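Peer 1: For reference, the structure I am asking about is given below.
No lab work stands behind these numbers, since they all come straight from the coordinates. Computed from a predicted model, the values in this text were never measured in an experiment. So basically every Cβ, Gly included, is an ideal-geometry build from the backbone, and we count neighbours across all protein chains shown.
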Amino acid sequence: MADEPEPIIDVSSFDPHFRDEIAAEPGGENIRRCFSCGTCTAGCPVGGVTDKYNPRRIVHMALLGMRQQVLSSDFVWLCSVCYTCYERCPQDVRIPELMTAVRNIAVREGYVPQAFRLQIETLRAHGRLLEVGDYENERRAEHGLPPVRETAEEVCRILDLAETGEGSE
Amino acid sequence: MSRYALYLGCTVPVRGLNYEIAARRVAARLDLELVDVEGFACCGFPARPMNWRAGLLMAARNLALAEAQGLDIITLCSACTGTLTEANWRLNEERHLLDWVNRRLEKIGQAYHGTVRVRHFARVLYEEVGLERLRQSVTVDLSGFGFAPHYGCHYLKPSHLYDGFDDPENPVSLGRLIEATGARLVHYEDEGQCCGGGILSFDEGTALLITKQKLDHVTAAGADGLVLICPFCAIMYEANQRRVESAYQTEYKLPVLYYPQLLGLAMGFSPDEVGLRLNRVKPTRLLR
């Protein structure tokens, strides 16, 4: 890694309003508070095992206005949402919520990782992340557990209703 | 007797039958009545990255179903606990969100008024049943065994949701619950570490590397098993243990038990009665 030349970044492509866009998104309100101390990165379980994810770097990129780079990146999807940084951040930046805010913007811009798209499809098909059909209920009955009913139709309805009216922008 | 709505979520009723079997068993012994509520679906956690309002609405629908029956919720999955508690907190804090939710719930014949309390099963055991009653329920001597606690993330964090019932940086509740069974508590390096489950579907290699760290630490501490309270953590440490072993040319054979299984054994239930047949890594020393 250290031998690779640093890529040259064209600052004219930066969007100075990106931080405001994030701050206007629920969960992203506190992004401007970050003073880049790195407490988040120091305790991050994902950052602890891979260079691919570094929360301080992502927040800094967002503050600089690197909108395209942030939204199209894989790294915003690598937060495990463990809330370790949320507890420790001296500036209350609330990074897991901030990542959700950035992910929501990325999705609206058409950047949706396959894994997350599939989860929503499964929710729509079964109302849950895992199917509970006859086989599963027979297995449950063998262990003396009551059947579980799928509620796919109502969950589809709920997911559709969330996209309607005010707040669906 | 206390009555609660039992919220199973997605993973427990399909991949965590041992957890559900044991939880129902020990709850009945402790006079906690668990009611199955028709219509509970996913908590909304997986919808949040796509559209957080969709996640909020899914959570609110489940809360409304419990409220309609006048019941508080007991959860088994920590991610469900976090999602439902957070939604509940938000809907009580921000009136306009409650209105937004109710304008939509109305269309499926429901309403939510913000009155349901959500608590993890382990927290109810710790806070409501209490350690003393748990100790009194124990009939089998487990003092020859040592277990390491895995708290996971959403059971404790973000802490502002959980009324300070335990300290997220130095938690004690699960350790005390383990000790209440008569077993020894085994501490290990980096106890607060996440299981990595949150990124399994997106980056398996990185997720399993996070999982590996705890398997290493718990093994080094010489525990007879890892005790946890979340089905997704169990998938990482138990169902995926062999994958970590083959990827890193190592061997753990570390038994992973859900806390209600350990408590159930201490209460004198047979291994079958607490679903141990469904555990992949058999706690052979414990069963002897």
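Peer 1: Give me the extension gain from residue B:242 to residue B:35: residue separation times 0.36 nm, minus the current Cα-Cα distance, reported in nm with one decimal. Write out the running numbers ahead of the final one.
Peer 2: Working: separation 207, 0.36 × 207 = 74.52 nm, distance 3.57 nm.
Difference between extended and current length: 71.0 nm.
Peer 1: Taking 0.36 nm per residue of sequence separation and subtracting the Cα-Cα distance, how much length would be gained by fully extending the chain between residue B:285 and residue B:92, in nm to one decimal? Numbers along the way, then the final one.
Peer 2: Values: separation 193, 0.36 × 193 = 69.48 nm, distance 4.85 nm.
Taking 0.36 nm per residue and subtracting the Cα distance, the gain is 64.6 nm.
Peer 1: For peptide A:94-100, compute the average count of partner chain beta-carbon atoms within 10 Å of each residue's beta-carbon. If you can, show how the numbers build up before the last one.
Peer 2: Values: counts 1, 0, 4, 4, 0, 1, 6.
The mean count of partner-chain Cβ atoms within 10 Å per residue comes to 2.
Peer 1: While we're on this one: With no other cysteine's Cβ closer than 4.7 Å, which Cys residues of the protein assembly as shown count as lacking a disulfide-compatible partner?
Peer 2: A:34, A:37, A:44, A:79, A:89, A:156, B:10, B:42
Peer 1: Still on this structure, I have one more. Using a ≥ b ≥ c from the Cα gyration tensor of the range B:2-120 (square roots of the eigenvalues), is it rounded, prolate or oblate, where a/c under 1.5 gives rounded and otherwise the larger of a/b and b/c decides, a/b for prolate? Each step should come with its number before you reach the end.
Peer 2: Working: a/c = 2.15, a/b = 1.59, b/c = 1.36.
The shape class here is prolate.
Peer 1: Write out the trypsin sites (Lys or Arg not before Pro) in the range A:62-169 meeting two conditions: DSSP loop, and at most 16 other Cβ atoms within 10 Å of their Cβ.
Peer 2: Working: sites: A:67, A:88, A:94, A:103, A:108, A:117, A:124, A:128, A:139, A:140, A:149, A:157; in loops: A:94, A:128, A:149.
Those satisfying the criteria are A:149.
Peer 1: How high is the relative contact order of chain B, given as a whole-number percent (alpha carbon pairs under 8 Å, six or more residues apart)? Mind showing how you got there, number by number?
Peer 2: Values: 482 pairs, mean separation 59.2, N = 288.
Contact order relative to length: 21 percent.
Peer 1: Same structure again: Hey, which aspartates and glutamates would be in cross-link range of residue B:253, C-alpha to C-alpha under 18 Å, not counting anything within fewer than 8 residues on its own chain?
Peer 2: Within reach: B:216, B:224, B:238, B:245.
Peer 1: Next question, about the same structure. Straight-line reach from residue B:157: which lysines fall under 25 Å, measuring Cα to Cα and dropping same-chain residues less than 8 apart?
Peer 2: By straight Cα distance, residue B:157 reaches A:52, B:212, B:214.
Peer 1: Based on other C-beta atoms within 10 Å, arrange B:56, B:278, B:254, B:174 from fewest to most. List each step's numbers first, then the result.
Peer 2: Values: B:56 24, B:278 16, B:254 20, B:174 27.
Least crowded to most crowded, the residues run B:278, B:254, B:56, B:174.
Peer 1: Per residue of B:156-167, what is the mean number of Cβ atoms on other protein chains within 10 angstrom of that residue's Cβ? Spell out each step's value before the answer.
Peer 2: Values: counts 2, 8, 6, 3, 2, 1, 0, 0, 0, 0, 0, 1.
For this peptide, the per-residue mean of nearby foreign Cβ atoms is 2.
Peer 1: Other chains' Cβ within 10 Å of B:204-210 residues: what's the mean? Could you put the intermediate results ahead of the total?
Peer 2: Details: counts 1, 3, 8, 5, 1, 5, 7.
The mean count of partner-chain Cβ atoms within 10 Å per residue comes to 4.
Peer 1: What does the C-alpha gyration tensor say about the overall shape of the range B:142-261? Classify as rounded when a/c is under 1.5, otherwise prolate if a/b is larger than b/c, or oblate. Each step should come with its number before you reach the end.
Peer 2: On the way: a/c = 2.05, a/b = 1.18, b/c = 1.74.
Oblate, since a/c reaches 1.5 and b/c is not below a/b.
Peer 1: Taking the range A:13-64, which trypsin sites (Lys or Arg not before Pro) meet the DSSP loop condition and have no more than 11 other C-beta atoms within 10 Å?
Peer 2: Details: sites: A:19, A:32, A:33, A:52, A:56, A:57; in loops: A:52.
Passing sites in the range A:13-64 do not exist.
Peer 1: Taking GluC sites (Glu not before Pro) that fall in a DSSP loop and have at most 16 other Cβ atoms within 10 Å as cut points, what is the longest piece of chain B between them?
Peer 2: Working: sites that count: B:38, B:94, B:169, B:189, B:251.
So the longest stretch without any such site is B:95-168.
Peer 1: Taking H as built 1.01 Å from N, whose amide H comes closer than 5 Å to the amide H of residue B:3, not counting residues under 5 places away?
Peer 2: B:33
Peer 1: Next question. When only C-alpha pairs under 8 Å and at least 6 residues apart count, what is the relative contact order of the range B:88-229, in percent? Display every interim value, and only then the final one.
Peer 2: Details: 156 pairs, mean separation 36.8, N = 142.
Answer for the range B:88-229 is 26 percent.
Peer 1: Distance from a point 7 Å along Cα→Cβ of residue A:20 to each backbone N in the range A:61-82: keep the residues under 18 Å and list them by number.
Peer 2: What the label zone holds, given the 18 Å backbone N cut-off, is A:62-68.
Peer 1: Right, here's the next one. Please state the charge dipole magnitude for chain B, taken about the Cα centre, from unit charges on C-beta atoms (+1 on K and R, -1 on D and E), reported in debye and rounded to the nearest 20.
Peer 2: Numbers: 31 positive and 33 negative charges, 125 e Å.
For chain B, the charge dipole is close to 600 debye.
Peer 1: Is the shape of the protein assembly as shown rounded, prolate or oblate, going by the alpha carbon gyration tensor and its root eigenvalues a ≥ b ≥ c, with a/c under 1.5 for rounded and a/b larger than b/c for prolate? Let's see the in-between values first.
Peer 2: Numbers: a/c = 1.83, a/b = 1.28, b/c = 1.43.
Cα axes put the protein assembly as shown in the oblate bin.
Peer 1: Can you figure out the FRET efficiency of residue B:1 with residue B:165, using R₀ = 22 Å and their beta-carbon distance, to the nearest 0.05? Provide the component values of the computation, followed by the final result.
Peer 2: Numbers: r = 22 Å, r/R0 = 1.01.
For R0 = 22 Å, the calculated efficiency reads 0.50.
Peer 1: Go ahead and collect, in residue order, the members of the range A:59-86 whose backbone nitrogen is under 16 Å from a label point 7 Å along the Cα-Cβ direction of residue A:6.
Peer 2: A:60-61, A:64
Peer 1: ³J(HN,Hα) across the range B:224-231 via Karplus (A = 6.51, B = -1.76, C = 1.60, θ = phi - 60°), whole Hz, x for Gly/Pro?
Peer 2: Along the range B:224-231, the couplings run 6, x, 9, 10, 9, 9, 9, x Hz.
Peer 1: Further question on the same structure: Return the whole-Å distance between the Cα centroid of the range B:1-36 and the Cα centroid of the range B:246-266.
Peer 2: What the calculation gives is 21 Å, centre to centre.
Peer 1: If I take R0 = 45 Å and measure r between the Cβ atoms of residue B:68 and residue A:112 in this structure, what FRET efficiency does the formula 1/(1 + (r/R0)^6) give, to the nearest 0.05? Provide the component values of the computation, followed by the final result.
Peer 2: Working: r = 34 Å, r/R0 = 0.76.
Here the calculated transfer efficiency is 0.85.
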